[in-house]
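First the structure, in the form of structure tokens, and then the observations on it.
The values are calculated or read from the model by the stated rules, or taken from the named source; none is laboratory data. As the structure is a computational prediction, the values presented were derived from the model and not from experiment. Cβ coordinates were reconstructed from backbone atoms using ideal geometry, including for glycine residues, and neighbour counts include every protein chain displayed.
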Amino acid sequence: MSNILPATGILLYFIGITSTARLCESLKYSHTQAFLIGAAFGGLFCGLVMGIGYFMNGEVMLINGSVLYSSLAVVAIVSLGGVRCFDANKKHRVENA
């Protein structure tokens, strides 16, 4: 059971960010709006994962017990969500030009 939870989380992240990127592409948001929407999804996903970890273990789960590593991971996930939507939006605009 413990091995399936991380795999499920990664799968849900990629499904969610792909759906968010398609949303940004189809609604023709500006680049800044697309980045912010993707970053918001990444932030919500991180919050959800941290909430589940807190609920299951009764404490905030940190990477290697370090707040710095955990913060950097959250920043990376949020940034990658924004870049994914920004890139999908950029490719859509280039194809239609």
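When segment 40-91 is examined, which residues are found to be part of a helix (DSSP H, G or I) and of a type in the set (Ser, Thr, Tyr)?
Listed by number, the residues that qualify are Tyr54, Tyr69, Ser70, Ser71, Ser79.
Could you say which residue among Phe14, Phe41, Phe35 is surrounded by 12 or more Cβ atoms within 10 Å (Cβ to Cβ), under 10 Å from the mean Cα position of the chain (by Cα) and under 17 Å from Ile77 (Cα atoms)?
Answer to the selection: Phe41.
With the requirement that a residue be modelled with pLDDT under 85, under 19 Å from the mean Cα position of the chain (by Cα) and buried (at least 17 other Cβ atoms within 10 Å of the Cβ), what does segment 59-97 give you?
Passing the criteria: Ala88, Asn89.
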